[in-house]
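Asks: Below is a structure I'd like to ask you about.
The values are calculated or read from the model by the stated rules, or taken from the named source; none is laboratory data. Remember, it's a predicted structure, so these values are computed and weren't measured experimentally. Note: ideal-geometry Cβ built from the backbone for every residue, glycine included; neighbour counts use all protein chains shown.
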Amino acid sequence: MRKPVIAGNWKMYKLLGEAIDTVMELKPLIINSTHCEVVVAPVFTALKSVCSRLEGSNIKIAAQNCATEQKQGAHTCEVSAEMIKDTGASHVIIGHSERRQFFSETDETVNLKTKACLESGLTAIVCVGEMLDQRESGKAETVVATQLAGALDSLTVSDMKRIIIAYEPVWAIGTGKTATPEQAQEMHAFIRRILSEKQESEVAGTVRILYGGSVKPENIKDLMTQMDIDGALVGGASLEAKSFAEIVNYK
Ligand code: 13P
């Protein structure tokens, strides 16, 4: 059985006080939610304070990016996986489409960052997903397969046990246009098939694959009924504690 993961990506939203207020409001709303793992991803500047407030709670904290370099060094403005771990965070979102589109993230950097996370003992949430024109021209599966091959290059079976995949079709992010549960399921099954064809065959059945793109309290239940959807990576609807808690408590 794969334990579902509901993760909130706060992107570049919330000042420190707002981030703390949101998690303090969220905490009691999901205190009994043992059916899934709950993760929130604030901005770097809020990581440490939010982690301190959540010590002993059932909410885990993710960063939204990390450096490719693992050693400390002259890399102005970069934050290493080890430094993220040092804040108390346990997860890192890697290769989000906004990083790929606007910050030159490539499959190669996604791979290096994933390895850096794993080496530091963090869980990597590796994002993949096609653009609208790629879907419309029938290339969605090829694009996702290429992204996966690059991101997961030379990862071992034990590495694979510590990653989470997030399928986020770019056309569904922040647009209110969710993939239908069937469309999402089709891609998730495809991703699992790719995993099983690689060396990671024994873990293909255990890797959690999250769906992201306009997930809301109104559509989470239908998405979660699909066999290969193991949770959600939520943007806009994770910013309010109440709506995020409704998503977490979809059952
Ligand atoms: P929305 O839920 O706002 O569409 O964002 C999805 C996302 O990008 C999560 O990483």
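Asks: Scan Ala67, Ala81, Ala46, Ala41 and give me the residue that is out of contact with any Leu (no Cβ under 7 Å at 6 or more places or on another chain), farther than 19 Å from Tyr211 by Cα and either crowded, with 17+ Cβ neighbours inside 10 Å or at pLDDT 95 or above (or both). Reasoning before the result, please.
Replies: Numbers: Ala81 fails: out of contact with any Leu (no Cβ under 7 Å at 6 or more places or on another chain); Ala46 fails: out of contact with any Leu (no Cβ under 7 Å at 6 or more places or on another chain); Ala41 fails: farther than 19 Å from Tyr211 by Cα.
Unique residue meeting the criteria: Ala67.
Asks: Now for a separate question. Can you find a residue that is within 23 Å of Ile94 (Cβ to Cβ), of a type in the set (Val, Ile, Thr) and at pLDDT below 95 anywhere in the range 210-232?
Replies: No, the range 210-232 contains no residue that is within 23 Å of Ile94 (Cβ to Cβ), of a type in the set (Val, Ile, Thr) and at pLDDT below 95.
Asks: Quick check on my filter: what residues within the range 241-250 are out of contact with any strand residue (DSSP E or B) (no Cβ under 7 Å at 6 or more places or on another chain) and within 12 Å of the ligand (Cβ to nearest atom)? Even if it seems obvious, please write down each step before you answer.
Replies: Within the range 241-250, the first condition is being out of contact with any strand residue (DSSP E or B) (no Cβ under 7 Å at 6 or more places or on another chain), and the residues that meet it are 241-243, 245-246, 249-250.
The one that is out of contact with any strand residue (DSSP E or B) (no Cβ under 7 Å at 6 or more places or on another chain) and within 12 Å of the ligand (Cβ to nearest atom): Ser243.
Asks: Considering each residue of the range 108-128, count those that are surrounded by 18 or more Cβ atoms within 10 Å (Cβ to Cβ), charged (D, E, K, R) and away from the ligand (no atom under 16 Å from the Cβ), and give that number.
Replies: Qualifying residue count for the region: 1.
Asks: Hand me the list of helices (runs of 4 or more DSSP H) wholly inside the range 25-138 holding 1 or more residues that are within 27 Å of Pro169 (Cβ to Cβ) and among the polar types (S, T, N, Q).
Replies: Details: elements: 44-53, 81-87, 97-102, 107-119, 132-136.
Where helices (runs of 4 or more DSSP H) fall fully within the range 25-138 and carry at least 1 residues being within 27 Å of Pro169 (Cβ to Cβ) and among the polar types (S, T, N, Q), they are 97-102, 107-119, 132-136.
Asks: Does Met131 qualify as being surrounded by 15 or more Cβ atoms within 10 Å (Cβ to Cβ), within 16 Å of the ligand (Cβ to nearest atom) and over 22 Å from Ile220 (Cβ atoms)? Outline the logic, then answer.
Replies: Working: surrounded by 15 or more Cβ atoms within 10 Å (Cβ to Cβ): yes; within 16 Å of the ligand (Cβ to nearest atom): yes; over 22 Å from Ile220 (Cβ atoms): yes.
Against the criterion (surrounded by 15 or more Cβ atoms within 10 Å (Cβ to Cβ), within 16 Å of the ligand (Cβ to nearest atom) and over 22 Å from Ile220 (Cβ atoms)), Met131 qualifies.
Asks: Only one of (1) within 16 Å of the ligand (Cβ to nearest atom); (2) touching a Lys or Arg at 6+ places or on another chain (Cβ under 6 Å); (3) not β-branched (Val, Ile, Thr) is not met by Met12, so which one is it?
Replies: (2)
To keep it simple, each residue is scored yes or no on (1) farther than 22 Å from Phe190 by Cβ; (2) of a type in the set (A, V, I, L, M, F, W, C).
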| residue | (1), (2) |
| --- | --- |
| His91 | yes, no |
| Ile94 | no, yes |
| Ser97 | no, no |
| Ser104 | yes, no |
| Gly121 | yes, no |
| Ala124 | no, yes |
| Asp133 | no, no |
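Asks: Anything in the range 214-232 that is more than 9 Å from the ligand (Cβ to nearest atom) and not in a loop (DSSP other than H, G, I, E, B)? List them, or say none.
Replies: Taking the range 214-232 and keeping what is more than 9 Å from the ligand (Cβ to nearest atom), we get 217-231.
Ile220, Lys221, Asp222, Leu223, Met224, Gly231, listed by residue number.
Asks: Could you grab me the full set of residues in the range 161-213 that are within 16 Å of the ligand (Cβ to nearest atom), under 14 Å from the mean Cα position of the chain (by Cα) and in a loop (DSSP other than H, G, I, E, B)?
Replies: Those that are within 16 Å of the ligand (Cβ to nearest atom), under 14 Å from the mean Cα position of the chain (by Cα) and in a loop (DSSP other than H, G, I, E, B): Glu168, Pro169, Ile173, Gly213.
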